[in-house]
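Engineer: The structure is given below, and queries will be raised subsequently.
Coordinate-derived values only; no laboratory data. Just so it is clear, the model here is predicted, and its values are computed rather than measured. Neighbour counts are summed over all protein chains in view; Cβ atoms, including those assigned to glycine, are modelled from backbone coordinates with ideal geometry.
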Amino acid sequence: MNKKLFFLVMIVGVSLSVIYTSCNKDFLDVSKELAEERDMQKLFSNPADVRRWHINIYSGIPNTALWNGPTNGLQHPWPLISDELDSRTANDWNLEPFDVSNVRFTRWSLWPLIRQANVFLENAVEIPVTGDADFLGKEELDDLMAQARFFRAYYHYLLLELYGPIPIMSESADPNSAELDFARNSVDEVVNFIYDELTAVANQLKDPDLSNQEQLAIPTKGTALAIRGRLMMYAASPLLNGGYAEALSVTNKDGKPLFPAKDQSKWQRALTTMQEFIDYAEAGHYELHKEYTNGNYDPHKSIYELFMKYNKEIIFARSDVNWGDVSNQSGVDGASIPRGARGGNASTGHIAVTQELVDDYFMIDGLKIEESPLYSETGRSSAGEDLSGQTEPGTFRMYINREPRFYQAVFFNGRKWHVGNETIMFNKNGNTDNSSSHPMTGYIAYKRLSKRVYNLGTNPRSEYRPAILHRLAEFYLLYAEALNEVNPNDPRVIEYVDRVRERAGIPKLTVVKPEIVGNQDEQRKAIRQEMRVELATEGQRFFDVRRWMIAENEPGEGGQGGAFHGMDLYAPTLEGFYSRTLMETRVWNRNMYFYAIPLSNIQKSRLLVQNPGY
């Protein structure tokens, strides 16, 4: 691999402030001298330099708060380039295939951080007490070493997720070596390396502690066990387990195969790994977040507040994030204000939900729209017709009687903005004649927006909350998936899906669909449907449809290409607005199951081989 790939790069000004400062203070500055290759013995004899070196290893944690105009794969582009969202103000990346010379949202920049972790692991030592000077004791050093080892494994995992098999870098490479060139390891080798590292480090990391606000983004034992579980779900799924025919012929230049043939036993290994995490979670470390109003369980409040504060459902989150300011239309909060609400203008309210995602949310009776007698696309509601209590009479019937997660994720035409009580209209001649300034589909992405910020009077203009990467509900559904693939008759398959549905405020599958219990295909569909809505826009969908290899299906069935729809923003009448209308025709090719290895690296390497189809 070329020298640039593994040359030490210190990313100035983006280090996390999560360990030694609170999340609201300025980012830790990394001095220029640390950006250079320095004498390692001298650097690692200074406690301040050691900590500054270490904290920058954190800077590769993906930032899920940056999804209104992301520029790289360590931000949050995945909802915008999957079947969930679209945006007027960002390039429409769905209209052209992936290309080796234009690799969007790359994660290849993680390699310098992997090297930085390796350098730390190879050089950090205890620095004893000398008078009043700073020191680095064994307990602190052990914590820092465990965290560095976790991130080395985690960054390998993030690269595997996007590119498939990659080189394993378990030691720091000399950037001045003429032999700096590495072949890709096989899928099984990469998976086993990450698995072994996370297994070892899990017992070195601490348990989660929500009482210490300065420790919230530090990886814990639960983080390591969870990432290890998701890793093994990938390894068992078709994409990395013999299902991608084109990949089976990919070999290194010495003839070494990179992708394995199908091995059904990998599902048992995935289940065992997931079981270890679930056992740990249920030993008092994690729980589904629930809120109550006047002593009664409130699913709407539960779903909303889950994303607004730290709680026991969160397994891993990034803390140094900015959700925006409504006074200057910055960030997700500021960019999501529709025209017609205070602060909204032609440049805001542009993050749109696809009709395909709207249609996938359940009804309040727990059934899909095509199954529920409560669903209609005809006319407006009358008083008392909406059993959800979330809409007013006169709402288009498509939007009444929907489940709580729908109302927390989708802002639709004719709904009142949460502060100010303005009725928002996206149709032609609604809040503006210029329909091109509305969200492309006639829906705004509502999930994770703060409902407390408002650009008027004493209202707050911004609200801090963590950027969640993984949470317990995701792993309940992954656990159900693993159980179903190993033994569909296991009653825990439906039990863990129903735990998520119960928190969401809809009836359990055992009540509304008892006939699917034990049917592997039907349970698989139910699990995937639940993932689709429970985890919508959180970043997993892009990768899940690929590991399942359903991205080539039709839209609405996991497909990422083809016709995608919204409401008719340009209809001359309000009633005409409420009809499914083609938004765009997206491109999907089978090579898009993996990202291309950047062309510049392929060209400079004697050993690297490209992914199939590029």
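Engineer: Taking Cα pairs under 8 Å and at least six residues apart, what relative contact order does the range 485-535 come out at, in percent? Write out the running numbers ahead of the final one.
Structural biologist: Details: 31 pairs, mean separation 20.6, N = 51.
The normalised contact order for the range 485-535 reaches 40 percent.
Engineer: Then there's this: Can you compute the modelled spin-label distance between residue 91 and residue 346, with each label point 7 Å from Cα toward Cβ, in nm?
Structural biologist: That separation, rounded to one decimal, is 2.4 nm.
Engineer: For the chain, what does the helix formula give at 222 nm: sum of -39500 (n - 2.57) over DSSP H segments with n ≥ 4, over the residue count, nearest 500 deg cm²/dmol?
Structural biologist: On the way: 19 runs with 193 residues, N = 614.
It comes out at -9500 deg cm²/dmol, rounded to the nearest 500.
Engineer: Just to verify a number: FRET efficiency for residue 392 and residue 196, C-beta to C-beta distance, R0 = 45 Å, to 0.05? Before the final figure, lay out each step's value.
Structural biologist: Numbers: r = 57 Å, r/R0 = 1.26.
Efficiency at R0 = 45 Å is approximately 0.20.
Engineer: Once R0 is set to 22 Å, what does the formula 1/(1 + (r/R0)^6) return for the Cβ-Cβ distance between residue 177 and residue 252, expressed as a FRET efficiency to the nearest 0.05?
Structural biologist: Working: r = 20 Å, r/R0 = 0.92.
The calculated FRET efficiency here is 0.65.
Engineer: What is the gain in length, in nm to one decimal, between residue 268 and residue 603 on full extension, counting 0.36 nm per residue of separation less the C-alpha to C-alpha distance? Working shown, then result.
Structural biologist: Working: separation 335, 0.36 × 335 = 120.60 nm, distance 3.97 nm.
Difference between extended and current length: 116.6 nm.
Engineer: Order 306-314, 99-107 from most to least packed using the mean count of other Cβ atoms within 10 Å.
Structural biologist: Working: 306-314: 19.2, 99-107: 15.8.
Highest-to-lowest ranking by the protection proxy: 306-314, 99-107.
Engineer: Count charges around residue 576 for me, please; just the other residues with Cβ under 15 Å from its Cβ, Lys/Arg as +1, Asp/Glu as -1.
Structural biologist: On the way: positive: 380, 428, 580; negative: 377, 568, 575.
Local charge sum for residue 576: 0.
Engineer: Quick one: which of 194-203, 145-154, 599-608, 337-346 comes out on top by average Cβ neighbours within 10 Å, and what's the full order, highest first? The partial results should precede the final answer.
Structural biologist: On the way: 194-203: 18.9, 145-154: 23.1, 599-608: 15.2, 337-346: 20.6.
Sorting 194-203, 145-154, 599-608, 337-346 by mean packing, highest first, produces 145-154, 337-346, 194-203, 599-608.
Engineer: Okay, moving on. Given +1 on the Cβ of Lys and Arg, -1 on the Cβ of Asp and Glu, and no further charges, what dipole in debye does the range 458-520 carry about its Cα centre, rounded to the nearest 20?
Structural biologist: On the way: 9 positive and 9 negative charges, 77 e Å.
Charge dipole of the range 458-520: 360 debye, to the nearest 20.
Engineer: Calculate, in nm to one decimal, what residue 383 and residue 309 gain on full extension: separation in residues at 0.36 nm each, minus their alpha carbon distance. Before the final figure, lay out the partial values.
Structural biologist: Values: separation 74, 0.36 × 74 = 26.64 nm, distance 3.53 nm.
Stretched out fully, the residue 383 to residue 309 stretch lengthens by 23.1 nm.
Engineer: Please count, across the range 237-332, the pairs of lysine residues with Cα atoms under 21 Å apart that sit 8 or more places apart or on different chains.
Structural biologist: Details: 290/301; 290/309; 290/312; 301/309; 301/312.
Lysine pair count for the range 237-332: 5.
Engineer: Can I ask one more? Where does the charge balance sit around residue 394 when Lys and Arg score +1, Asp and Glu -1, over other residues with C-beta under 11 Å from its C-beta?
Structural biologist: On the way: positive: 380, 397; negative: 385, 386, 392.
That sum, taken over residues with Cβ under 11 Å, equals -1.
Engineer: Ranked by Cβ crowding within 10 angstrom, fewest neighbours first, how are 377, 370 ordered? Mind dumping the intermediate values first?
Structural biologist: Details: 377 11, 370 7.
Final ranking by Cβ density, sparse to dense: 370, 377.
Engineer: When a footprinting reagent is the concern and you count Cβ atoms within 10 Å, what order do 403, 481 take, fewest first?
Structural biologist: Values: 403 25, 481 28.
Lowest count first: 403, 481.
Engineer: Assuming R0 = 45 Å, what is the FRET efficiency of residue 590 and residue 129, from their Cβ-Cβ distance, to the nearest 0.05? Show your work: numbers first, answer last.
Structural biologist: Values: r = 60 Å, r/R0 = 1.34.
Result of the calculation: an efficiency of 0.15.
Engineer: Additional query: Could you please report the charge total around residue 595, scoring K, R as +1 and D, E as -1 over all other residues with beta-carbon less than 12 angstrom from its beta-carbon?
Structural biologist: Values: positive: 104, 107, 546; negative: 99, 161.
Neighbour charge sum, excluding residue 595 itself: +1.
Engineer: Please state the charge dipole magnitude for the chain, taken about the Cα centre, from unit charges on C-beta atoms (+1 on K and R, -1 on D and E), reported in debye and rounded to the nearest 20. Each step should come with its number before you reach the end.
Structural biologist: Working: 65 positive and 81 negative charges, 162 e Å.
The calculation lands at about 780 debye.
Engineer: Taking the chain as the reference, fit the longest principal axis to its C-alpha atoms, fit the long axis of helix 187-202 to the helix C-alpha atoms, and give the angle between the two in degrees, 0 to 90, nearest 10.
Structural biologist: Its long axis makes an angle of about 80 degrees.
Engineer: Which of the listed residues, 372, 393, 358, is farthest toward the dipole's positive end in the range 348-398, when Lys, Arg count +1 and Asp, Glu count -1 at the beta-carbon?
Structural biologist: It is 393, whose Cα lies furthest towards the positive end.
Engineer: Just to check I understand the Karplus step: with θ = phi - 60° and J = 6.51 cos²θ - 1.76 cosθ + 1.60, what whole-Hz values come out for the range 158-171, glycine and proline as x?
Structural biologist: Result, rounded to whole Hz: 5, 6, 4, 4, 9, 10, x, x, 9, x, 8, 10, 9, 9.
Engineer: Also: Express in nm, to one decimal, how much length is gained between residue 206 and residue 459 on full extension, taking 0.36 nm for each residue of separation and deducting their alpha carbon distance. Kindly include the intermediate steps, with their values, before the conclusion.
Structural biologist: Working: separation 253, 0.36 × 253 = 91.08 nm, distance 3.84 nm.
87.2 nm is the gain from fully extending residue 206 to residue 459.
Engineer: Within 10 Å of each residue's Cβ, count the other Cβ atoms and sort 64, 378, 89 from fewest upward.
Structural biologist: Values: 64 23, 378 8, 89 12.
Ranking 64, 378, 89 by Cβ neighbours within 10 Å, fewest first, gives 378, 89, 64.
Engineer: Continuing with the same structure: Determine ³J(HN,Hα), in whole Hz, for all residues of the range 98-108 in sequence, where each value follows from phi through the Karplus function 6.51 cos²θ - 1.76 cosθ + 1.60 and θ = phi - 60°; x replaces Gly and Pro.
Structural biologist: 3J(HN,Hα) across the range 98-108, in whole Hz: 4, 9, 5, 8, 9, 7, 7, 6, 5, 10, 4.
Engineer: Can you give me the C-alpha center-to-center distance between the range 552-614 and the range 153-216, rounded to a whole angstrom?
Structural biologist: The two parts, judged by their Cα centres, are 29 Å apart.
Engineer: Now for a separate question. Tell me the Kirkwood radius of the chain: reciprocal of the mean inverse pair distance over distinct alpha-carbon atoms, in Å. Present the calculation step by step, with values, prior to reporting the outcome.
Structural biologist: Numbers: mean 1/r = 0.0392 Å⁻¹.
Here the Kirkwood hydrodynamic radius works out to 25.5 Å.
Engineer: Still on this structure, I have one more. Please work out the Cα center distance from the range 222-285 to the range 340-367, rounded to the nearest Å.
Structural biologist: 34 Å
Engineer: Going by average Cβ density within 10 Å per residue, which order do the peptides 111-118, 379-386 take, highest to lowest?
Structural biologist: Details: 111-118: 23.5, 379-386: 13.2.
The densest-packed peptide leads the list: 111-118, 379-386.
Engineer: Mind checking the dipole of the range 27-157: about its Cα centre, +1 per Lys or Arg Cβ, -1 per Asp or Glu Cβ, Debye to the nearest 20?
Structural biologist: 180 debye
Engineer: Right, something else. Go through 322, 257, 543 and say which Cα lies farthest out towards the positive end of the charge dipole of the chain; charges sit on Cβ, +1 for Lys and Arg, -1 for Asp and Glu.
Structural biologist: 322
Engineer: What are the lysines whose alpha-carbon lies under 17 Å from the alpha-carbon of residue 416, with same-chain residues fewer than 8 places away excluded?
Structural biologist: Answer for residue 416, where 17 Å is the Cα cut-off: 447, 451, listed by chain and number.
Engineer: With an 8 Å Cα cut-off and a minimum separation of 6 or more residues, compute the relative contact order for the range 442-515 in percent. Show your work: numbers first, answer last.
Structural biologist: Values: 42 pairs, mean separation 12.2, N = 74.
Computed value for the range 442-515: 16 percent relative contact order.
Engineer: Which value in nm describes the separation of the simple spin-label points at residue 368 and residue 570, placed 7 Å from the Cα toward the beta carbon?
Structural biologist: Spacing of the two 7 Å Cα→Cβ label points: 3.2 nm.
Engineer: Sticking with this one: Quick one: if you stick a label point 7 Å off each Cα along the C-beta vector at residue 121 and residue 554, how many nm between them?
Structural biologist: 4.8 nm
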